[in-house]
């Protein structure tokens, strides 16, 4: 498949999952506190999870993000002290740093429009109305003053997509907000780039020593959280 081309006609018919299996996977997952440092996610499984990140939805389809996948032990050891010394940073198989764009410019809109036209084999001019919609909202509209918040919201959509998909593949995760974004940006050489660290996710396999694996999941009752009208 050509990179960037993800038409439904190019994939096999959807194989529906049993609802019980989905809920079982979500009951199984939790924020891992202790990873098995000796276990590595198989390459094929990790490749699928990277594709999950790329396939994540975003407002306007603008994809104002980048995902840094860190497997170098020395680099992760440098990040651990600025991550509240959490062992997940160094002991997981793959550490993903979710980056958001610091700004959205006309160039970013034009890039998406050109790529869309190429992938869907349509005239770029046919997307002029869509471009103007994005322009009025993200560049000239009130939301242009809160692009950092908007972009961060998009990143968290991708994070949620990764957490759920990983659970369906039997891969453990731990989302991490306990870190210093400024120090991450410094260590990762992001200070003078378009991107900024937003949230981190450790991925791998739980250790048998993690007592949290057997604790009951604490959630409020459905009727307290879901309202039908």
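Residues of the range 196-218 falling in the label zone of residue 33, defined by backbone nitrogen less than 15 Å from a point 7 Å along Cα to beta-carbon, are 206-218. Taking the average, over residues, of other Cβ atoms within 10 Å as the packing measure, peptides 26-32, 38-44 rank 26-32, 38-44 from highest down. Based on DSSP H segments of at least four residues, each scored -39500 (n - 2.57), the chain has a per-residue ellipticity at 222 nm of -11000 deg cm²/dmol.
Just to verify a number: FRET efficiency for residue 47 and residue 75, C-beta to C-beta distance, R0 = 25 Å, to 0.05?
Numbers: r = 21 Å, r/R0 = 0.84.
The computed FRET efficiency comes out at 0.75.
Averaging Cα coordinates gives a centre for the range 114-173 and one for the range 41-58; these two points are 17 Å apart. Any idea how far the Cα center of the range 71-110 sits from the one of the range 180-229, in Å? Centre-to-centre distance over Cα atoms comes out at 12 Å. Once a ≥ b ≥ c are taken as the square roots of the eigenvalues of the Cα gyration tensor of the range 117-184, is the result rounded (a/c under 1.5), prolate (a/b larger than b/c) or oblate (a/b not larger than b/c)? Note, shape of the range 117-184 comes out oblate. Against the chain, whose longest principal axis is taken from its Cα atoms, helix 43-54 shows a tilt of about 40°.
Relative to the current alpha-carbon distance between residue 124 and residue 23, full extension at 0.36 nm per residue lengthens the span by 32.1 nm. In the chain, the longest principal axis of the Cα atoms and the axis of helix 106-120 are about 90 degrees apart.
Computed from the coordinates by the stated procedures, all read-outs in this text should not be read as laboratory data. Being a predicted model, the structure only gives us computed values, none of them experimental. Cβ coordinates were reconstructed from backbone atoms using ideal geometry, including for glycine residues, and neighbour counts include every protein chain displayed.
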